[in-house]
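Only one structure is covered here, and it is reproduced in the block below.
Any read-out appearing in this document is the output of simple, stated calculations on the displayed coordinates, not a laboratory observation. A quick note: this is a predicted structure, and the numbers were derived from the prediction, not measured. Note: ideal-geometry Cβ built from the backbone for every residue, glycine included; neighbour counts use all protein chains shown.
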Amino acid sequence: MKAGTGLVSALALLLLMGAVFTQRPRPKKPTRRPVTTRKPSVPQPAGPAQPEPQEPTDFPPPILGPPSMYPDCPRECLCSPSYPNSLNCENRNIRVIPVIPFRAHYLYLQNNYISEVTPEAFVNATEVRWINLANNRIHRINKQVFEKIPALLYLYAQHNQLKEVPSGLPASLEQLRLSRNRISKIPAGAFNKMGNLTLLDLYNNQLSDSDLGKNTFKDLTSLMQLNLARNILKKMPAGIPSSLIQLFLDRNNIEDIPKDYFRDFTHLAFVRLNRNQLSDKGMPKAVFNISTLLDLQLSHNQLASVPLFNSHLEHLHLNHNSIESINGTLLCPFNLLADLSDDSLVPKLRYLRLDGNHLSPPIPLDVIMCFRHLRSIVF
């Protein structure tokens, strides 16, 4: 009986193991995927190059200030309680002048992107005395602007794109700065009735002789400083008021000076004619022998000799010319052998510059004996 039971158990174990083996999964044959061939990438043709933006296109956004205690203060500007009559709108990236409040006397509008000055902003600004519009892109100032601000004293509009002197300037104006523009025209009557103007700055423009008529400056009876340097003048400007103290004509193409050009000037103290085309032929020997002259600059010209000058002259610039000799005896306004006990009669020349010529040291003794007040001489 026991042997039969063992035989049954062995058969049952064999059957169980066979079932386990039959359930084991058969390994699958690996399937080979077809090789895919990628098409080579073909570079796409580049689109047309975008042109560089032309000015003025993209400007930085205007800078808005914090709310002000003054309700009439434009957000583009700053209104300081310490200066209630000033409106500070400089360096704010503004394109258009905001409406100016009535209380404003001083306007700071420099270093922006303003292209035109129109009267709308000045409807209430009848008290304005001082405007700084320097370093913008202004090509036009409407003459009606000045009808709104009839008491204007100072107008600074240098470094812009003006092509002519603005019309309708108020008679009250005392200083007008228009340097570094493109001005090639001064309209007839532009300075009419401007008897209060003391300073006119037209430096670095495109003015020629034909743009300066004999009556251009005739009404400027109080003018003290005239700056026409760095233009394209070939002649000395005509009709300069006799009230002038400072005349700047550097970097033009001036070739000659009329003999009596400075005869009627009663206050002229500073004359600058550096970097022109002056030669002995075009400059009368005694043209600068005027008693009021203190500072005379004639450097970078074509002079071959030292011009005569008055004993009151204190500074003389003759560097970078073609001077080969200097004779103190000829230049001296008195006899070198005379005994001058009165020091006030001795020439006042203190500074003399002669470098860049064809001179060789030493300094001539007669120059030192005559000009006893000389403190500096560049030879």
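Could you please rank C332, C370, C77, placing first whichever residue has the fewest other Cβ atoms within 10 Å of its Cβ? Mind dumping the intermediate values first?
Details: C332 17, C370 22, C77 26.
So the residues, fewest neighbours to most, are C332, C370, C77.
In which sequence would V96, V123, V271 go, from the one with the fewest C-beta neighbours within 10 Å to the one with the most?
Numbers: V96 16, V123 11, V271 20.
Least to most surrounded, the residues fall as V123, V96, V271.
Report the label-to-label distance for V99 and E314 in nanometres (one decimal), using points 7 Å from each Cα along the Cα→Cβ vector.
It is 5.3 nm.
Estimate the FRET efficiency between L64 and S115 by the formula 1/(1 + (r/R0)^6), using the beta-carbon distance for r and 30 Å for R0, to the nearest 0.05.
Working from the Cβ atoms, E equals 0.90.
If the cut-off is 13 Å between C-alpha atoms, which aspartates and glutamates fall inside it for K148, apart from same-chain ones fewer than 8 positions away?
E120, E127
Can you compute the modelled spin-label distance between S242 and K281, with each label point 7 Å from Cα toward Cβ, in nm?
3.4
Given axes a ≥ b ≥ c from the Cα gyration tensor, I'd like to know whether the stretch 248-369 is rounded (a/c under 1.5), prolate (a/b larger than b/c) or oblate.
In terms of gyration-tensor shape, oblate.
Most exposed first by the Cβ proxy, i.e. fewest other Cβ within 10 Å, how do M69, M283 rank?
Starting with the residue having the fewest Cβ neighbours, the order is M69, M283.
Taking the Cα centre of the stretch 293-379 as origin, work out the dipole magnitude from +1 charges on Lys and Arg Cβ and -1 charges on Asp and Glu Cβ, in debye rounded to 20.
160
Where a ≥ b ≥ c are the square roots of the eigenvalues of the C-alpha gyration tensor, would you call the stretch 110-212 rounded, which needs a/c under 1.5, or, failing that, prolate if a/b is larger than b/c, or oblate?
It is oblate, given that a/c is not under 1.5 and a/b is not larger than b/c.
Within the set K234/K281; K163/K185; K185/K214; K285/K348, which residue pairs have Cα atoms separated by over 18 Å?
Over 18 Å apart, Cα to Cα: K285/K348.
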